[in-house]
Structure formats: C-alpha cells, structure tokens
Amino acid sequence: MKKLLSLFLSLMLLSVMVIPVSAAETSAPVLDSTSVYMDADSKNTFAKQMDAKFATDLQNGSVKKGSVEEIEELMRQSTFATGQEKEKINQTLEKFGVYEYAPDLSPSTTIVPYSATNDVYLTTPSVFYESWENTWTVTCGGNWRNDNWDEAILLGNIGGYDGFGVGYTNTTKPYQSSVVRSWGYIANKDSSVSVATSNRSDGDGSKGFGFRLQDYTRYNNDGTLGYVGYQWYGSSTYDSWFGTYSGLATGYYIHTWASTSLTSVEFGVSGNTAGIKAVLSSSSNSFPAYSNDKIFGVYP
C-alpha cells in the first residue's frame, strides 16, 4: 500500500547538529519516585550474603541450572514487573543464583517526555547480582503507551535509529570493572517480532551503555499495522569489580521519526541528564525521555 516511505526518506538529508540531551535545555520532567541508595560496602556485603545463600542452596540441591538466555529473559521480565508479579519472578531468579539488589516493588513512575504527553513509559534501572558467576547486571526498559510514535501511518522505517540505555553520573571510586556481555532489543506490542543485538552501540562501560536499533512498521498476520519499537530492553553485565563502583544510574530513550536520524550518543557529559549528549540530524522530529534515577553506590 504505502511502500514509498523509504524512497521519500532517502531524499531528506539534513546537516548534522549536536542536540544536548539536558534537563535544563529540554525541560525534562521532575520525577516523583524515591531513589534506591546502594553504597559500595553495602553492595559487597550483599554479594557475600548471597554467595553464602547460593552455596547453601547448591549443597541442598535447590539450585537450578539455566542458560544465560533464560536468566536474561527472567531479568527482563523482572525489570518490567511490579508488586507480587515482580516478587514471583525474583523468587524464580533466586533458584538460578540471581538476586536483585535492593528491589523496589512499588509501581514505577510514568514518564512524560518534554515534547509529548503520556507517550512513553520507562522503568527505573534494575541492578542484579549473579552469584552463580560473580557478576553484576544493570537493566533498563520501556514501552509506548499509545500510537504516537509517528505523525502518520507509514509502512517501513520510522525515522532513523532509536537509542536507549543507561547513563552513569556522579560516579566515585576508580572504575576497575569490565563488561562481560550486553544485550538489547526492540519488539512489537506482543513481542512476537523483535530486533536484537549483543553489541552495545554506545558507552564504554564506566559511563554507561546504550543501544541503537531501527524501529519500523510491518503488517501483522491479520492485516493490521504493527510497530516494531513499541517496547525496548537493554542490559549490561559486569564482572565482580562493579560491586566497588559507585554512582547514579539513569535510563534514557531517544525517539526519532520522519527524516530525523540519531548519529551518536556521547556519555559522561557534565550537567546533562544521564550524562548523555545525542547527535541528531535535526532538532525536530525527535525527543528524549528519562527514567527515575537509581543510585548504585555512594552518592556524594
């Protein structure tokens, strides 16, 4: 029906300009949920306690063996869940030797992007300790609350790549950790179609991590238009030294549509929300949104 989109978009080339993703410059919303404070000593104490629990459970034969993919999927589910559903998922994770550090079981706050109204929802970053391999995993996620991801019903790519991930700010203590693995994906509403990657696009680990993936529309089996980009999830797993690293973790999401594309994301930018600065081909047809902050170490 409407397959001229790619031809139309290819004609629209704009000069690249830097768009700082900053609370001051974009009037990003003030969030109203509490942060979770985790100092390095507390994290190390938690890890030792969970290691002891894991050893006991292993001796009792109550530990299950699972693949990395299975555990990652459970952490994804926990990231989006709240209340009793989250507790149930975390109980399953514990059987694999994975424990959420200071879990927040209250419902996450809805984020209102500066350029839209109630369009997207972002989860507060979650932090998991994986005793089975002595690693730490930071996760983020979000989804659209409506169909305002584009100004028109079009078939094909929606703008350029969308970006999402977690930025670290107010960090203390030297970064001695390294990234073990990363995973990011976007999917349609029922998760039946997705685009995934095990390679992060942005970030060096010490300042955060990010992914850039192309969202697009496609026809569903029933002939209706589906949107692959309706939901997103990202994670980065670090070695045991991440337990000594402190700072503030903030999830972000950058959406583009029409002729606008996301060129790159810079991390560790002082004064910017999540410490990130996006490079976009245009100042229009895009917006950033941010999660609630989570402090994963000592906050000065």
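Can you give me the % of accessible surface on the stretch 34-295 that is carbon or sulfur? Probe 1.4 Å, all protein chains present, nothing else counted.
46
So who's got an amide H within less than 5 Å of the one on Leu280, skipping anything under 5 residues away but keeping other chains? H placed 1.01 Å off N, in plane.
Hits under the 5 Å cutoff: Met17, Ile19, Thr263.
Between Lys53 and Ser284, what FRET efficiency follows from the Cβ-Cβ distance if R0 is 45 Å, with the result rounded to 0.05?
Computed FRET efficiency for Lys53 and Ser284 comes out at 0.30.
What accessible area, in Å² to the nearest ten, does a 1.4 Å probe give for Lys207?
Its heavy atoms expose roughly 80 Å² to the probe.
How big is the accessible area of Leu248 in square angstrom, nearest 10, if you roll a 1.4 angstrom probe over the protein chains?
20
Residues of the stretch 34-295: accessible area per residue at 1.4 Å, in Å²?
With the other protein chains kept in place, the stretch 34-295 gives 40 Å² per residue.
If each residue of separation counts as 0.36 nm, what is the full-extension length gain between Asp147 and Lys88 once their alpha-carbon separation is subtracted?
Here the answer is 18.2 nm.
Between Asp239 and Val195, what length comes free when the chain is fully extended (0.36 nm per residue of separation minus the Cα-Cα distance, one decimal in nm)?
Result: 13.2 nm gained on full extension.
The values are calculated or read from the model by the stated rules, or taken from the named source; none is laboratory data. Source: prediction; values computed, not measured. Using ideal geometry, Cβ is built from the backbone for each residue, glycine included, and neighbour counts are taken over all protein chains shown. Note: areas computed on protein heavy atoms with side chains; ligands, DNA, RNA excluded. Shrake-Rupley method; radii C 1.70, N 1.55, O 1.52, S 1.80 Å.
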